[in-house]
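The structure's right below; bear with me while I get my questions together.
The values are calculated or read from the model by the stated rules, or taken from the named source; none is laboratory data. Computed from a predicted structure; not experimentally measured. FYI the Cβ positions are ideal-geometry reconstructions off the backbone, even for glycines, and counts take in every protein chain you see. Surface accessibility is based on the protein's heavy atoms, side chains included, excluding ligands, DNA and RNA. Shrake-Rupley method; radii C 1.70, N 1.55, O 1.52, S 1.80 Å.
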Amino acid sequence: MKQSLQLRTSQHLALTPQLQQSIRLLQLSTLELHQELEQLLTDNPLLERLDDPLDHSLRLLADGAISQQAPAAEAPQEGPQGEAPAAEADNYEAPGADTESTTPDADMDWSDSGRSKNNDDEESRPQLEAHHCTLREHLMEQMRVTVLETRDRALVELIVDALDENGYLEEALEEIHARLPEELEVEIEELQTALSLLQSFDPMGVGARNASECLAIQIRRLPGVPMVTRRMALIIVEHHLTWFAQRDFNKLKKTLLCDDEDLREAQAVIRQCNPHPGAAFASDVSDYVVPDVIVKKSRNGWQVSLNNDVMPRLRVNAMYANLLKQGKGESAMGAQLQEAKWLIKNMRQRFDTILRVAQAIVERQKNFFSHGAVAMRPLVLREIADTLGLHESTISRVTTQKYMLTPHGMFELKYFFGSHVATEAGGEASSTAIRALIVQLTGAEDPKNPLSDSKIADMLGEQGMVIARRTVAKYREALKIPPVSLRKSL
């Protein structure tokens, strides 16, 4: 085969660094955006942020005093010939932000003019978070005032260290005993005594080895329970807990030889127990979602606005910009100046796109904002993309991990998109509206005779929605609604 050189002309689409950054910023959530911004502020000295998140935090002054006032913003520096430090296009601030109020007095709350600035009452002092007591600390404190012998304390502490976060002892005593050195001469009976002592501590049920033992410990310690009802409740949790969990009341009544009233009283006693006694001491940190857009009702209809609290105010550093204009800066700073301008432009474009998409969603889902989820209409990404002249992938990036605050609650933008189900009239119903109807139907059902999936499908069919039983079951499981057998009560 003969080798040769050929010259061809072709066209291809190349993603410039600016376009890549724009796409990346568009798909980031609010938390990820601020994390990305902090890294860019660290790497680029020509980029600075006007809204410092630490403006209202406690600051230690040079003389050792603590100040909680926001520091005054630095006045923009002018060049030698009185030139502006940076072009207006190089700044990005939240719409409606008052850039002239830069002194601490401008941000003060003047609602209570009679209160002194140096008021030393408790409201003016910073409130510190109380120490969170763990399950181990709570149990060890009880052991110090209950157990006197050093050997017994060591054995109880050994079992406490083997508890899980719910307060259960998942490891068998024989396994704990096998790990102990032989020279300690610890008998298995001593561990059993230490476990019994631990199970007498608060919270009730701690130290149990399974759910049945946990409930039985609590039932024995509940005050004011009649003896007959207590005995029946113990039999249920110790021998028939599976039937009770499955709500198979007919088998329970036949086995226990009792009527509905006796079983109902035993059920009320069991429901007073906590199957997870140690969960109250867990130190789980709640995650909070900050909305990107806010929807409010006005005279002209539903108005959409950006949340100024999540919109960073950026600008190009005035001093470095003037040095570059005078030719005194390094060559690398020119590239950093261009990167800073790109970031400010892409940041503005990101929030503008989010606002446009949110407005288009609100325009098509007006019935939802007026009547709730049952009035949601079917909506797909292509419909919004065609309206705004954008690509579907862009709409997908905008609606992912972006949240809207509405009078009905906080929702991700993707919540307003959903598939459709045909109606008898030839129209379409949103799957979100069907889920809302299922919640309403199951919430208003008779607990003694709950609705089956087939019955729910028939009731939806009476409202003109053609939906199969398996589709109702799929939606019900997605809503975490138990099946009909687990929703039945006495």
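Which listed residue (L234, I219, C258) has the Cα farthest towards the positive end of the charge dipole for the range 212-299, taking +1 on Lys and Arg C-beta and -1 on Asp and Glu C-beta about the Cα centre?
C258
Leaving out same-chain residues fewer than 8 places away, which lysines sit with a Cα under 22 Å from that of K345?
Filter leaves K325, K402.
Another question about this same structure. Hey, can you rank 297-303, 153-159 by average C-beta count inside 10 Å, highest first?
Details: 297-303: 10.3, 153-159: 18.4.
Descending packing order for the listed peptides: 153-159, 297-303.
If Lys and Arg each add +1 and Asp and Glu each add -1, what is the summed charge of the other residues whose beta carbon sits under 13 Å from the beta carbon of D352?
Values: positive: K345, R348, R350, R356; negative: D292.
That works out to +3.
Work through the residues other than N210 whose Cβ is under 14 Å from its Cβ and net out their charges, Lys, Arg +1 and Asp, Glu -1.
-4
Please give every one of the lysines within straight-line cross-link reach of K297, meaning a C-alpha to C-alpha distance under 18 Å, and leave out same-chain neighbours fewer than 8 residues apart.
Candidates past the 8-residue exclusion: K366.
Further, regarding this structure: Which net charge results for the neighbourhood of Q27, defined as the other residues with beta-carbon distances under 10 angstrom from its beta-carbon, given Lys and Arg at +1 and Asp and Glu at -1?
+3
K488: which lysines have alpha carbons under 16 Å from its alpha carbon, excluding same-chain residues fewer than 8 sequence positions away?
Leaving aside lysines fewer than 8 places away in the same chain, those within reach of K488 are K251, K253, K448, K455, K480.
Working with all protein chains in place, sort D202, D292 by solvent-accessible area computed with a 1.4 Å probe, largest first.
Values: D202 75, D292 5 Å².
Order by accessible area, largest first: D202, D292.
Along the charge dipole of the range 419-489, pointing to its positive end and built from +1/-1 on Cβ of Lys, Arg, Asp and Glu, which listed residue (I438, S454, V484) has its Cα farthest out?
Towards the positive end, the residue furthest out is V484.
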